[in-house]
1. Enter the mean number of other protein chain beta carbons within 10 Å of the beta carbon of each residue in F:427-437, as an integer.
2. What average count of beta carbons from other chains do you get within 10 Å of the Cβ of residues in F:7-16?
3. For labels at residue D:6 and residue D:30 in the simple 7 Å Cα→Cβ model, what's the distance in nm?
4. If each of residue C:440 and residue A:24 carries a label point 7 Å out from its Cα toward its Cβ, how far apart are those two points in nm?
5. Ratio of Rg to Rh for region F:280-499, alpha carbon only, Kirkwood?
6. Between region C:186-261 and region D:25-67, what is the C-alpha centre distance in whole Å?
7. Given contacts defined as C-alpha pairs under 8 Å and at least six residues apart, what's the relative contact order of chain B, whole-number percent?
8. How much mean residue ellipticity at 222 nm does chain F get from its helices, if each DSSP H run of length 4 or more adds -39500 (n - 2.57) and you divide by all residues, to the nearest 500 deg cm²/dmol?
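Values quoted throughout were computed directly from the atomic coordinates according to the rules given, and no laboratory measurement underlies them. The structure displayed is predicted, hence computed values, not measured ones. Every residue, glycine as well, gets a Cβ built from its backbone with ideal geometry; the counts of neighbours run over all protein chains shown.
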C-alpha cells in the first residue's frame, strides 16, 4: 500500500469535512458529508479494513445520509450556522 | 522527516478531523451542523483505530480458501476492525436518535437554531 | 472504673423513642396521646434510677449498641457524670411533660402531636448525650438533638419563630459540624475515643498544632450549645418558642448538653493534665468568666421576663464551663452539681413565667405588679427559685456555687471566686425585683386565680426540689456523691473531698459566701421595700447612679466588644440562613442555560488542561 | 464563542498530534496491538471456527457479546425513535392524545 | 418526498429492477459474510436502503401498508431475540453464554451437505438475527423521521 | 461450583425483557409494567446472589462465549462490582414501582417503547458494572446513554432541549472514552482490564498511555457530571419526565463514577494516576470545586427538582474527591457514597415526584403546608434531606465521616473543610424546603403557575399520593437510616475487601 495515496485521501477527507461544515445549504452539507463518508470508506478499504469499509459505505454514507435527507426534507434547508 | 510523516500521518490527520468535528459541534449554531460535526468526529475515531491496526505487508483479514497454516503476520489485525464495526453502528444509532430529536424540536419550536431554541426555553 | 455489659442504658434510650412513636401514632386521641409522655417519663426515671446503685459503687453499665463506623461503635455507658445528667433529664421530663400538657391546652397551641413527639425525641437525644460512651456517640446524639429541637423552637410557625428556628439551626448545626470535624480528627489519629476520666488524649503523643486544633474544634463545637459568649445569640432568640420548650432548652436538654459536653471535653477527652500543659483552660476560663458578668448585666436590662431568664441562663451556664475550666476537683464537683442545681431552679422560673403567660398573657416584668397576690403559689415558687439563683442557702444553687467558688479559690484563682460572688449578686439583682414587684401592695387587689393545676403542681414540685436538694444534695439520687466520684476519678491525686479538713473548709466557705450574699440580698430587699414605701423613684435612681461607674467601666466596653462579635457571627450565620428566608422567586433564573458551546468548551478546557499537564510531565 | 473554540481546539489538535508520537509507527509489525491478541485471534479462527473472514469470526463469535450489545444499541435507537416520534391512535375529533405534543400555534409558523 | 411519483419508468426501474437486485445483493452479503466482507449489519443496511428506495418511489403510505411499524418492531425484537437465545442455549447446556461450540447443529451439516463447524453455524444464525434487527430498526427510523410531519 | 454465570444473569433478564416488552405492549400496553418489574426483580435477585457468591468465594469471572480472557470478553464480579450492581438494580426496582403512575400519565400512549428503554437503560448500567473489558464497557455505556437521551427528551419543551444537549455532550463523552480506549489499546495491545493492568504494571511510560488515561477520564467525567462537565445535568434532571428523572438521577451518574473507580482499581497501576498523570489531583480539585459550586447553585434554585439536580452535582463531586484522595479509606467512602447517594436521591426525587403527582407543582415555594397534607411523602423527603445533610445516624453522615477521615489522614485539610462545610450548605437548601413544608401555612394553589404540568390535576386539597407511590418511597427513606446504622457491615464485608 502506498502511503502517499492514503495521505492524499486524508487531505481530501479533511477538505470534505470542512466543506460539509461550512455549506449553508443543509442538503448540500449532507451531500458533502456523504462524500466524506465515502472517502473514509475508500481509505478504510485501502488500509485493509474491507468489512469496515463496506459497513461505513452502507451505514455511514448510505443510511445515515438517507436519514439525514429524510429528516431535513421536512425541515428548513438553510442553516444560520 | 519524510519517514516521520510516513509513520505518523494517519494519527495527525485523524487528530485534525477530530478537532474539526468538535469545532462543528461547538461552534455551529445549527443543530444539523452539530450533527454533521458529530458524524465527522465519529468517523475520525474509526479511522484512527483502523490506521492503528495497519501492518506492513499484511493482507486483508480474510483467510484464503484452502491455504492452511496461515500465519498471523499475514493479516491485518482484525480486532480494531471489529471494534469499529460496532462503533459505526453505534454512531448510526446515535445519529438516528438525534435526527428524531431534531424533527420533534423543529415541530415544537419551529427552528433548529440553537440560540433561538435556548431563547424560547428560557422564556 | 468497672465496665459492665448491661442493656439498661439502651432501655433508657429506647423509652423516650417509644414514647415519641406512641405519641405520633395516637395523635387523634389527645387524652391518650398526652398520657404517653407522663407514663414514659416515669418509666424512664425508674429505669435510670435502677442503675444508680451500681454506678455509685463505681460500676459503669455499658451497652454497645452497634458498630457504626470502622473502629468505633455506638456505646451507651452510664458513668457517674452521665448518670447525673440522665437523672436530671428524666426527672425534669416527668414534671415538664405534665406541665406542657397544661400549658398547651391552656393556650390552645396548634400541632400538639408534633410538639409532644419532638419533645420526647429531644429527651431521647438528651439521654443519648448523657450516656454517650465515646465521642462518636456523643456527636451523633448532639446532632440529633439539634434536629429534633428545631421544630420545637419554630413551633409557633410565625415569621419570628421561623427566623429564630433558622438562627438556631445556623448556630447549632455549624457547631455540630465543627464538632464532627474534631471527632473525625480524633478518629483519623487512630485514638480510641472512649470517654475516660482524666482524658483519652492524655496518653497520646500529639503535636502542639494537633492539640490546639482539636481543642479549638471540640471546645467550639460544644460552646455554641453552652451559649458561651459571643456564641450565645441563638438562645435569647429561641425564646419565641412555647414556654415548656424554653424550659426544656434552657434547663434540661440543649444548653445542658452543651455544658455537659464541655465537661466531657475538659475532663474526659483532654483531661486536666493536658489542658494545664497546653494552657488551654485559660481561654475557656476567660470566656466563661466574662460571659457570666456580661450576661448578668444584660439580663438586668431586659423587661421581657423570658428574655431576662435567657440571659440569666447564659450567665449560669458559664458557671459550669468555668467550673470545668479551672481544672480542680472541687470546681468540677461544683460544675456537675450546678447542672442539677441550675436545671431545677431555672425550670421552676420558666414554669412560673409560662404559668403567668398562660393565665394573664403578661410577659413583661413591668406589667407584673401585684401579680403575686393573684398567683401566690406560682410567685412563691418563683421567689424560692430566685433566691436559689442568687445562691442563698438553703437552696440548691447555694451548694453548687459554694463548690464552684471554693474550687476556683482552691485552684489558686481567687479572681474567679470573686466573679462567682459578683454574678450571684447580679442574679439577685435581676430576679428579686420581679418577686418584689409581684408582691407589691396593690391598691386594688387582683382576683385570685392560679393557672391550671397541671402547671402549678410541677412548678411547685421543682421549687420544692430546689429546696430539698439544697438541704441535702445527696437526697434520693446522690447527686453530690456522683459528682464527687467523677471528680475523684478525674483527679485521682486529689484525695477525698468530703473528708476532714477540706470538708471543713468547704463548709466554712459555704457559711462565708452565704453570709455575704445573704447580707447583700437583705440589703437589697430592704432598700427596695423602703423605696416602695417611700414611693417615687429614689432607689432606682440611686442604684443607677451607683451603677453608672460600673456600667461605664465594665458593661459598656464588654457589651461593645461582645455586641460586635455577636453581630459578626450573626452576620455570617444570618447571611447564609438569609438565603433560606429569601423568597425563592427572587432567585429565578440565576443559573440559566449556557449555550451548548459553552458546555462543550468546558469539556475541552478540562480535558486540555489535564492533557497539557500530562504531556508536560 | 468561536474564538474561544479556536483557542481551545488548536492546542488540542497540537496535543493530540504530540501524544501520537508515542503510538506505534504506521504499519509497524511489532506494535503491541499486532503482537498480543491478534495472532491468537487468527489462530483460533483457523482452529475452532474455520471460516475465512477473520472479522466475521471475531465479530460474531469471539467478541460476540459486544456485537449483541451493538445490536441492542440499534434496537435502543429504534425504540428511542418510536418513543419520540410515535403517535397514538387518533381520537374521534382528529386530535391525538400525546403527552409530549404541546405545540402551540407558533410551532410551525415561526421559521428561521 | 412523500407524494406519489407517477413516473412509470422510474417506478418500473426502481421497483422491478433495482429493489429486487438490492435485496438479492443484501442477502448475498449476509450469506457470504463469513467468507467475504459483509455480514448482518451490512446486509441489513443494504436491504433497508432498498426498502427505503421502494418507499421513496411508491410513497410512504403504500410501503407502510405492507410492512407496518408493528411488524417491524416485531421483526427487530425477533431478530435480536434470536441472537439472545443463541447465547442462552449453550448456557442451558452447561457452557458459557454465546458459546456456539456446543450448539446441537450437527444435523444441519447433513441437510446442507457440506461440513461446517458449530461455531460457524452459530455465527450464521446470529448474523441472520443481526440482519433482521438492523434492517427493521433502520426502516422504523426512516418511516418515523419522514412520516412525522407528513401526515398532519 | 463455579458461580460465574451469575454475572451474565444480572443484565440478561433486562435485555431479554427489553426485547419482549415493546412487542407485547403493542397488544396489551398494561403488560409493560409488570413485565419490566419482573425483569428488574430478576436482575436484582441475580445481583444479590452474585454478591452472596462473591462474599462466599471471592471474585467471580465469566468468560463470555467460552473464550478465555484476554482474547474473549470477560465479566468480572468482584466485591465492588457486586455491591454497585445490587445498589443499582434494587434502587431502580423500587423506583420503577413508584413511578408507574407517572409513566402512565406522561407516556401512557407509548408504554412499550418507554419501558423497553427503561430496561435497556438499566441493562446498560448493570452491564457496565460487571464488565471486565474496556470496549464492552463502551458498548453498554452507549446503550444506557442512548436510552437516557430519549427518555429525557420526553419531558416537554424544555426537556426536549435538555435531551438534545444531553445527547451532544454524552456523545462527546462516549467519543472521548472510545478514543482513550484506542490509545490504551495501541499502547498495550489488549482490551481486557486485568490484562491492561498487567501490561501497564510492567511498563506504563509513554505519552500514549497518559493520553489514554486523560481521555478516558474526561469521557467518564462527562458521564458522571463532574464539574465543569456537568452542564447537561441540571436541565436533564429538571425537565425530564418525573418517571425518568426519578430513575436516572439515582443510578445513572453513579455508574459513571463507578466506571472511574474501576479505572483506578483495575486498569491503571497503583499510583499511576497520581504520579504519572495528574488525574487524581484533577479529580480532587474539580471535586472540591464541584461540591462548593453545586451546593451554592442548589441554594438558589426555585424548583425542587433543579435544586436536587445541583445537589447531585455536589454529591458526585464528593465521590470524585474520594477517588482523588485515593487511599483505601477514601475509596471506601466514595463507594459508600455511591450507595448512599443513590438511595437518598431516589427517596428525594420520588417524594418530589409524589408532590408533583398530588399537587402539580414542584417549586420550592409551593410545598408550603404539605407536611400536614402529605405526611408520608414529606417524611420521606425529610429523611432523605437529613441524610443528605449528613446528620447521624443516617447513611449520608457516614460517607462524609469516612471521607473527612481520609482527608485528615492524608493531611488534605481543604477536603475536610469542604466536605463538612457542604453539610451546612446542604442544610440551607434542604431546610428551605422543610421549613416551608412544615412551618408555613398552606399556600393558595393557583392553577397555571410555572412548573405545573398542564395535564396534572393540581388538586388544591390533594392528600397523600396512592399507596404504590408511597411505599417504595418509604422503603428508600427507611433505607437511609438502616444503611447508615449498618454501614460497618457493608464496609468491612463488602467494600474493604474490594479496594
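1. Taking all residues of F:427-437 together, the mean is 5.
2. The shielding value for this peptide is 3.
3. 4.4
4. 9.1
5. 1.02
6. Centre-to-centre (Cα) distance: 67 Å.
7. 24
8. Taking each H run of at least 4 residues, the total per residue is -24500 deg cm²/dmol.
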